[in-house]
Amino acid sequence: MSKKQKKADAAPAAPTAADLRLDLLMRLSDLPGVPGQEDAVRDLVLAELDGLVDEVRVDAMGNVIARRAPRVKKGEVAERVMISAHMDEIGFLVRFIDDRGFLRVQALGGFDTRNLFARDVTVHARGGALPGIMTPGGKPVHIASPEERKKIPEVKEFFIDLGLSADEVRAQVRVGDMVTLDQTARQVGKLVCGKAMDDRASVFLLLETLRALRGQALRHELIAVFSTQEEVGLRGAITAAYGVQPTVGIGLDVTLAVDTPGVAPDEAVTHVGQGIGIKVFDSSMISHRPLVDGFWDLAQERGIPAQLEVLALGGTDGAAIQRSREGVPTLTLSLPTRYIHTVVEAVHVDDLRAGVDLLVAYLR
């Protein structure tokens, strides 16, 4: 092979962690988008995909499905690789308006209610966003009994105060309106934290992977899916996988990084800053072992930080892809994340970089 050919075939230098567009990640996290109402996130994703893919469409479930064609030699067979990251975040729907104008909510996704006391929220009404305060019913600490202070309320006990009369509330708010927790994303050292790193961090990772691959020949056909309604049962990925008919599946999601005080080392699951997680097991799927081994070996060969992950509970879009039609060889790549399902979900810049590097290495 000539020097010219070697140069043409060599991969361009991957951007460093400093080149990641962390401002985009924070914008993604700040956007509202509970299951079934991911419109604002979808609009930003569609704008970011311009010039990065060969074709893009939105299906009946609201999934964004983008395609990059492979460049293969005569006689070669390309895999159809579906990579899915979900656009929705945990949140609420208005389910009831009482006689005094207080709202009751339906949870969309799993909440630890200890993290919901006295929270700023936004009710996304048809006429515009309304600021509100969410807190559980009951007495303040000043007049509560010792037993009352220890009680952990259920979601059904929480209400939202909009500071308006009942008539004003009814004139503006409808049952089914979206409610999101308020929190502006920010950097804390090498962490980026915000209300919706689950799973906007993976949406960001997939967009950055497509950006890194711009102008490069792909070994495989790439179907990048930005899915809906994952937090309520992997619903968007189920229908997307059925339509795409991939031969290989990759889910992108966050996973627990409980590498913090008060937790035994064997329960940490992953550690932030130690690389992208390669999922072996969670309660929704067992990753295809040859893919696990292949991605692990590729990470070792390329010097990409990675860690193997076993998660006792939880599920990702990977499970939906794996079970599609007659079954698809699938694994999930996981971003180690502290404080999952709170408003300060935190991911590490180096783990984001490792995820992009590993996906680019595989797809090329």
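The values are calculated or read from the model by the stated rules, or taken from the named source; none is laboratory data. Predicted, not measured: the structure shown is a model, and the values here were computed from it. When we count neighbours, we look across all protein chains shown, and the Cβ atoms used for this are built from the backbone with ideal geometry, even at glycine. The area values use the complete protein model at the heavy-atom level, side chains included, leaving out ligands, DNA and RNA. Shrake-Rupley method; radii C 1.70, N 1.55, O 1.52, S 1.80 Å.
Computed on the Cα atoms alone, the convex hull of the range 248-330 gives a volume of 88 cubic angstrom per residue. Remark: for residue pairs Lys150/Lys195; Lys74/Lys279; Lys151/Lys279, the C-alpha separation exceeds 32 Å in Lys74/Lys279; Lys151/Lys279. Sorting the segments 254-262, 127-135 by their mean number of nearby beta carbons within 10 angstrom, highest to lowest, gives 254-262, 127-135.
Positive-end ranking of Gly110, Thr122, Leu298 along the dipole of the chain, with charges on Cβ about the Cα centre, is headed by Leu298.
Per residue, the chain exposes an accessible area of 47 Å² to a 1.4 Å probe, with every protein chain left in place. Any chance you could give the angle, 0 to 90 degrees and rounded to 10, that helix 197-212 forms with the longest Cα principal axis of the chain? So the inclination is approximately 30 degrees.
Comparing Tyr339, Val356, Val328 along the charge dipole axis of the range 318-364, the residue lying farthest to the positive side is Val328, per the Cβ-charge model. Net charge of the neighbourhood of Val58, taken over other residues with C-beta under 11 Å away and scored Lys/Arg +1, Asp/Glu -1, is -2. Across the range 304-364, the mean sequence separation of Cα contacts (distance under 8 Å, 6 or more residues apart), normalised by length, yields a relative contact order of 29 percent. For the chain, what does -39500 (n - 2.57) per DSSP helix run (n ≥ 4), summed and divided by total residues, give at 222 nm, in deg cm²/dmol to the nearest 500? Helices in the chain give a 222 nm mean residue ellipticity of -8000 deg cm²/dmol. In this Cβ point-charge picture (+1 for Lys and Arg, -1 for Asp and Glu), the chain has a dipole of about 1020 debye about its Cα centre. The angle between the Cα long axis of helix 289-302 and the main principal axis of the chain comes to about 70°, on a 0 to 90 degree scale. Here the average projected area of the convex hull drawn through the C-alpha atoms of the range 151-201 stands at 6.3 nm².
Surface composition of the range 199-282: carbon plus sulfur atoms hold 52% of the accessible area, using a 1.4 angstrom probe and ignoring ligands, DNA and RNA. Sorted from greatest to least, the principal axis extents spanned by the alpha carbons of the chain come out as 80, 45, 40 Å. Using C-alpha pairs under 8 Å with a sequence gap of at least 6, the mean separation divided by the residue count of the range 91-248 gives a relative contact order of 24 percent. Build a GNM of the chain with springs between Cα atoms under 10 Å apart, and of Ala118, Ala299, Ala224 the one that fluctuates most is Ala118. From most to least packed by mean Cβ count within 10 Å, the peptides 192-199, 25-32 give 192-199, 25-32.
Largest GNM mean-square fluctuation across Gly294, Gly249, Gly318, computed for the chain with C-alpha springs under 10 Å, falls on Gly294. The long axis of helix 349-363 is offset from the longest Cα principal axis of the chain by roughly 40 degrees.
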